[in-house]
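Here is the structure we will look at, set down as C-alpha cells.
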Amino acid sequence: MSQNETIFSKIIRREINAQIVHETENVLAFRDINPQASTHVLIIPKKPIVNLNDASSEDREILGELLLAAAEVAKIEGVAQDGYRVVINNGERAGQSVFHLHLHILGGRAFEWPPG
Ligand code: 5GP
C-alpha cells in the first residue's frame, strides 16, 4: 500500500462498492457507510491528497471543484434550501480517520454549534 492508498482509492477504482451520487472528471461523491444524518455524502478529489496540509497552489482548481460539488450534491439530495453542513476533519485530532481529503455533506436535520 502506498502512503496515499486508502479505502477511498479502492472506491475510486471501483474495487469496492459505494453508493455514488455525483461524479466529475476530478471529484467523486458517495454515501458515507456510517451516516450521521439522513443525508451524509462524502466528496473526494480523485487525486489522493491526504488533507489540506498536503494541498498546494496547483490543487487550487480541484479544491474549488470540491466546494462546487458540495453545492451540487446538496441540490441533488434536496437539502440545499433548508441548509446543510460541510465538514472537513483535518488531521487525527480533528477526527480524520481516512487520510484522503474529503468533505462531509450532512443534511436533513438541525445541527448544533459549536460541534463536539
Ligand atoms: P473522517 O473520520 O476521516 O472525517 O471520515 C471518514 C468517513 O469515511 C467516516 O464517516 C466513515 O464512516 C467513512 N467510511 C469509512 N470507510 C468507508 C467505506 O468503505 N465506504 C464508505 N462509503 N464510507 C466509509
Determine whether Pro35 is at pLDDT 95 or above and within 12 Å of the chain's Cα centre (by Cα). no
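To keep it simple, each residue is scored yes or no on (1) under 19 Å from Asn4 (Cβ atoms); (2) of a type outside the set (Asp, Glu).
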position	(1), (2)
Ala70	no, yes
Ala74	no, yes
Glu77	no, no
Arg85	no, yes
Gly91	yes, yes
Gly95	no, yes
Phe99	yes, yes
Arg109	no, yes
Pro114	no, yes
Hits in region 89-116 (condition: in contact (Cβ under 8 Å) with a residue 60 or more places away in the chain and either in a strand (DSSP E or B) or closer than 24 Å to Lys10 by Cβ (or both)): Val98, Phe99, His100, His102, Leu103, His104, Ile105, Leu106, Gly107
Just name the residue that is most open to solvent (accessible area, probe 1.4 Å) out of those in region 80-116 that are over 16 Å from the mean Cα position of the chain (by Cα) and among the aromatic types (Phe, Trp, Tyr). Trp113
How about region 23-52: which of its residues are basic (Lys, Arg) and open to solvent by 70 Å² or more (accessible area, probe 1.4 Å)? Arg31, Lys47
Which of the following residues is open to solvent by 80 Å² or more (accessible area, probe 1.4 Å) and free of Cβ contacts under 8 Å to residues at least 60 places away in the same chain: Ile11, Ile76, Ile20? Ile76
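The values are calculated or read from the model by the stated rules, or taken from the named source; none is laboratory data. Fair warning: this is a prediction, and the values are worked out from it, not measured in the lab. Note that each Cβ is placed from the backbone with ideal geometry, even for glycine, and that neighbours are counted across all protein chains shown. Calculation scope for accessible area: heavy atoms of the full protein, side chains included, ligands and nucleic acids excluded. Shrake-Rupley method; radii C 1.70, N 1.55, O 1.52, S 1.80 Å.
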